[in-house]
Amino acid sequence: MKQLDFEHGTVTGNILGAAVPMLVAQILNLLYNIVDRIYIARIPKVGTAALGAVGLCFPLIVIITAFSNLYGSGGAPLFSIYRGKKETQAANDIMNTSFSMLCLTGVILMVVGMLLIRPILILFGASEGALAYACPYMMLYLIGTLPSMIAVGMNPFINAQGYSLTGMLSVAIGAAANLVLDPLFIFVLGFGVRGAAIATVISQFLSAAFVLHFLSGKAELKVRFLRSAELAKYVGYAKEIVSLGTAGFIMQLTNSLVTICCNHVLSATGGDIYISVMTIVSSVRQLVETPISAINDGSSPILSYNYGARRPARVRKAGMVMGLLILGYTAVMWSVIVLAPGALIRVFSSDAILLQDAVPALKQYFAAFIFMDLQYMGQTTFKSLNKKAYAIFFSLLRKVFIVVPLTYFMPYALHMGTDGVFLAEPVSNVIGGSLCFITMLVTILPELKRMEESNH
């Protein structure tokens with residue numbers, strides 16, 4: 001497999017070489033959940049109700065993914081920085097530490113989830129009717145917790161070694177399997193909602209098997225589980241990984257928290273139909289955000305590697321290319337949302353009543369989406385350059401301190417009802433995104449200038 005050269009290749013070529021396979025990978029990864037929702041919405045008679053119920057499971061799935069990224073997104077930038085410094089052994093130790101923590105956490109989450117699934121879903125806003133679909137789906141989904149976490153959490157280490165096509169292939173295997181197995185288990189074998197979960201679990205196992213096969217055999221730096229005698233030695237690495245990964249972890253946890261709050265308020269102000277509307281809006285958001293995440297993830301190892309190698313000009317260039325790609329893409333997608341919202345919604349449901357409510361909700365939710373780009377650019381730069389405190393602070397600011405209060409304040413205090421829930425997002429994008437980006441400019445650019453001066 002072709003390996004990207006982060007040291008000598010062009011910055012734009014490296015970002016595109018990493019980002020394009022990641023984009024394909026993330027679009028395919030998106031299919032895991034999106035395809036489930038598309039097929040579930042089309043189950044005769046119960047589709048809309050089942051879609052809302054599975055939407056209630058989404059915060060729990062996000063929490064599992066958040067733990068995957070805690071170790072993957074926390075370990076991979078450190079791994080790249082040490083590779084940039086030519087400290088290969090330290091880089092390998094970080095990968096092994098990330099893998100060991102990930103496996104242990106995966107087993108714990110699966111057991112806890114299975115024991116507490118019903119009260120958790122009730123806490124997330126599930127009615128008795130919704131539990132009939134949500135519980136069986138989630139119980140089966142939890143079986144695939146460990147392979148799901150390995151596939152998601154270890155893929156950044158494949159990309160960080162420059163094997164972006166292999167990283168893409170690992171996701172493609174799982175997504176292709178899910179695409180084929182979903183209709184088989186849901187409709188042909190008649191398992192309904194349970195069938196969607198079974199298909200996803202099998203797909204996750206296939207994807208994880210490929211990742212482990214590559215990282216333990218063909219990769220430049222190989223992964224293994226830490227032995228008990230080594231645990232004390234790697235405590236320092238574990239702290240570094242968790243510390244750096246906390247920002248992304250908090251960002252995803254807060255996404256989950258926001259979804260839970262939104263579902264509670266929407267259920268009270270608009271009824272169960274609005275849970276289904278939010279499920280569709282969240283699905284469209286995932287669809288739209290995926291290329292942005294790919295550009296960020298493609299840029300991150302280039303930023304980290306060149307920062308570790310003390311090449312400030314290449315760090316600045318990487319940040320600029322990342323920003324232009326994100327803004328260009330967002331402008332196109334924003335136009336699609338404004339001009340043809342119905343087309344995006346129909347991907348997930350053909351229910352006319354649902355469409356009527358979902359179109360204005362979608363337009364409101366994405367009203368200031370371009371400001372979200374500023375948050376993405378700032379967060380990615382902070383994370384890639386190991387600026388943990390900034391990354392954590394801005395994760396908390398936008399979601400916990402702005403979105404959550406607004407989700408309750410705008411519907412109830414301002415009497416905006418369901419509109420207030422969907423408008424909380426653009427308000428937070430403008431405030432949180434702007435503050436994050438400005439802070440990144442005034443802290444990172446002077447540091448790079450000082451690095452440049454000390455190199456001469």
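A few comments on the model shown:
- Those residues of the range 61-75 which are touching a Ser or Thr at 6+ places or on another chain (Cβ under 6 Å) and under 23 Å from K387 (Cβ atoms), in sequence order: F67, Y71, G75
- Set K218, K233: member being at pLDDT below 90, basic (K, R) and within 27 Å of N296 (Cβ to Cβ): K218
- Residue among N255, N263, N296 that is in contact with a Lys or Arg (Cβ under 7 Å, 6 or more places away or on another chain), closer than 22 Å to K399 by Cα and buried (at least 18 other Cβ atoms within 10 Å of the Cβ): N255
- Inspection of the range 267-277 identifies no residue that is closer than 26 Å to A19 by Cα, aliphatic (A, V, I, L, M) and touching a residue at least 60 places away in the same chain (Cβ under 8 Å).
This table checks each residue for (1) part of a helix (DSSP H, G or I); (2) among the small types (G, A, S); (3) in contact with a Cys (Cβ under 7 Å, 6 or more places away or on another chain); (4) farther than 19 Å from S207 by Cβ.
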| site | (1), (2), (3), (4) |
| --- | --- |
| S98 | yes, yes, no, no |
| M101 | yes, no, no, yes |
| L104 | yes, no, no, yes |
| M110 | yes, no, no, no |
| M139 | yes, no, no, yes |
| P156 | yes, no, no, no |
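- Unique match (being within 23 Å of H264 (Cβ to Cβ), in contact with a Gly (Cβ under 7 Å, 6 or more places away or on another chain) and surrounded by 16 or more Cβ atoms within 10 Å (Cβ to Cβ)) among I280, I275: I275
- If the condition is being assigned to a helix (DSSP H, G or I) and of a type in the set (S, T, Y), then the range 160-205 contributes S164, T166, S170, T200, S203.
- Residue match in the range 432-448 (condition: acidic (D, E), part of a loop (DSSP other than H, G, I, E, B) and at pLDDT below 95): no
- Among the candidates F205, F191, F157, F185, residue that is under 16 Å from A294 (Cα atoms), in contact with a helix residue (DSSP H, G or I) (Cβ under 7 Å, 6 or more places away or on another chain) and among the hydrophobic types (A, V, I, L, M, F, W, C): F157
- Among residues of the range 117-133 being out of contact with any Pro (no Cβ under 9 Å at 6 or more places or on another chain) and part of a loop (DSSP other than H, G, I, E, B), the one that is nearest to A268 (Cα to Cα) is G125.
- Scan of the range 346-363 for residues that are surrounded by 19 or more Cβ atoms within 10 Å (Cβ to Cβ) and touching a Ser or Thr at 6+ places or on another chain (Cβ under 9 Å), ordered by number: F348, S349, D351, L354, A358, A361
- Residue ID - nearest to the chain's Cα centre (by Cα), chosen from residues in the range 407-418 that are in a helix (DSSP H, G or I) and surrounded by fewer than 21 Cβ atoms within 10 Å (Cβ to Cβ): Y408
- Within the range 348-388, the residues that satisfy the criterion of being among the charged types (D, E, K, R) and either within 19 Å of K317 (Cα to Cα) or not in a helix (DSSP H, G or I) (or both) are D351, D373, K383, K387.
- Restricting the range 64-118 to residues that are over 17 Å from G162 (Cα atoms) and of a type in the set (G, A, S), the residue that is surrounded by the fewest Cβ atoms within 10 Å (Cβ to Cβ) is A90.
- Counted residues, the range 5-14 - those being crowded, with 19+ Cβ neighbours inside 10 Å and either closer than 24 Å to I202 by Cβ or modelled with pLDDT of 75 or more (or both): 2
- Checked against the criterion of being closer than 22 Å to I34 by Cβ and small (G, A, S), the candidates S216, S228, S207 yield just one match: S207.
- V442, sole failed condition from (1) of a type in the set (V, I, T); (2) surrounded by 13 or more Cβ atoms within 10 Å (Cβ to Cβ); (3) without any contact (Cβ under 8 Å) to a residue 24 or more places away in the chain: (2)
- Qualifying positions in the range 173-232 - in contact (Cβ under 8 Å) with a residue 60 or more places away in the chain and of a type in the set (V, I, T): I186, V193, T200, V201, V211, V223
The values are calculated or read from the model by the stated rules, or taken from the named source; none is laboratory data. Just so it is clear, the structure is predicted and the values come from calculations on it, not from any experiment. Glycine also receives a Cβ, built like all others from the backbone with ideal geometry; neighbour counts cover every protein chain displayed.
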